[in-house]
Structures are given as C-alpha cells and as structure tokens.
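Below is one structure, written out as structure tokens; the observations come after it.
What follows is calculated from the coordinates using simple rules that are stated; it is not laboratory data. Since the model is a prediction, treat every value here as computed from it, not as a measurement. Note that we place each Cβ from the backbone using ideal geometry, even for glycine, and neighbour counts take in every protein chain shown.
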Amino acid sequence: MNDWILIVDDEVMIRENLKAYLEDEGWRVAAFESVAPALNWLRAGGSCRVCVMDMRLPDMDGNSAIRVLHHLYPAMEFLIHTGSSSYSLPEDLRAMGLDDNRVYQKPLSDMAPLAAAARTLATREDWP
C-alpha cells in the first residue's frame, strides 16, 4: 500500500485537523490549500492512492479538480469533503466510480469513517 494521502482544502483549520487525524492513523499526509500546489507536488514525484477533495477551492472547483487528477492519475481514488449540504455528484464522476458513500459533510464530528474509507481504497489490490 502507498501510505500517502492527499488533502486539498482551503479551510486551514479543517485541513490541519484532518491532516493531524490521518497522521495519527499512520498516514503520511500531503495537504494543500488549492489544486495548483497539489499538482506541483504530484508532478515532482509525490504519489498517493487517495485524495480527499474539498469542493470550493480558490483556483478550481473540486469536481473539475477530480476530473483533472483522474485524467492525469487514473488509479487515484477520491473522497469528497464538502461543506455544501446540497452537493450532488455529477454523472461523470459517478461514471468514474464515485458514489454517495464517498461524500462527507464537513465539519466531521467523527473522522473515523472517512479514515476507514481511505484505508479501504488505499488497500485495494489493483493499485499499480
């Protein structure tokens, strides 16, 4: 298993709390406030199986970011972490394998389900 997880969230407290929790769970975490530095990290050799993506970001919306990352890194899996109570997965993201079980409303009162979902995705046998 690749034990890196990528977090893209522009809310500092949420990003840092999630990062700390996942590190306590044994992950190495790369956390960024927007898509551009996350892409720079990946292009510089960063590797992860799972990305936790916010939907409202300063440089690109989360749905578009997932599309870009999926195109560049097709084996990457995504969990959505959003503050929008009305968020609905677009059909093209559903076609990529995402479903409502991968959408988490923030703030999370318990991060354990998100961490468990990330662990399940990261340990799938089909990772290159």
Quiz item: Who wins for biggest fluctuation among Leu108, Leu69, Leu22 in a Gaussian network model of the chain, springs between alpha carbons below 10 Å?
Solution: Leu108
Exercise. Rounded to whole Hz and in sequence order, give me ³J(HN,Hα) for the stretch 87-99 from the Karplus expression 6.51 cos²θ - 1.76 cosθ + 1.60, θ = phi - 60°, writing x for Gly and Pro.
Key: 4, 9, 5, x, 4, 5, 6, 4, 5, 7, x, 7, 9
Quiz item: What is the spin-label model distance, in nm, from Thr123 to Ala75 if the labels are put 7 Å beyond Cα along the C-beta direction?
Solution: 1.8
Quiz item: If you stretched the chain out fully between Asp99 and Asp59, how much longer would it get, using 0.36 nm times the residue separation minus the C-alpha to C-alpha distance?
Solution: 12.0 nm
Exercise. Amide H neighbours of Tyr104 under 5 Å, at least 5 residues apart or on other chains, H built in the peptide plane: list them.
Key: Ile80, His81, Thr82
Quiz item: Sequence-distant or interchain residues sharing an amide H contact under 5 Å with Asp59, placed H: which?
Solution: Val35
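Given a cut-off of under 8 Å on Cα pairs at least six residues apart, what relative contact order in percent is computed for the stretch 66-121? The partial results should precede the final answer.
Details: 33 pairs, mean separation 21.3, N = 56.
Here the relative contact order equals 38 percent.
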Self-check item: Equivalent ellipsoid, the chain (semi-axes from 5 times Cα gyration tensor eigenvalues, Å)
Solution: 18, 17, 16
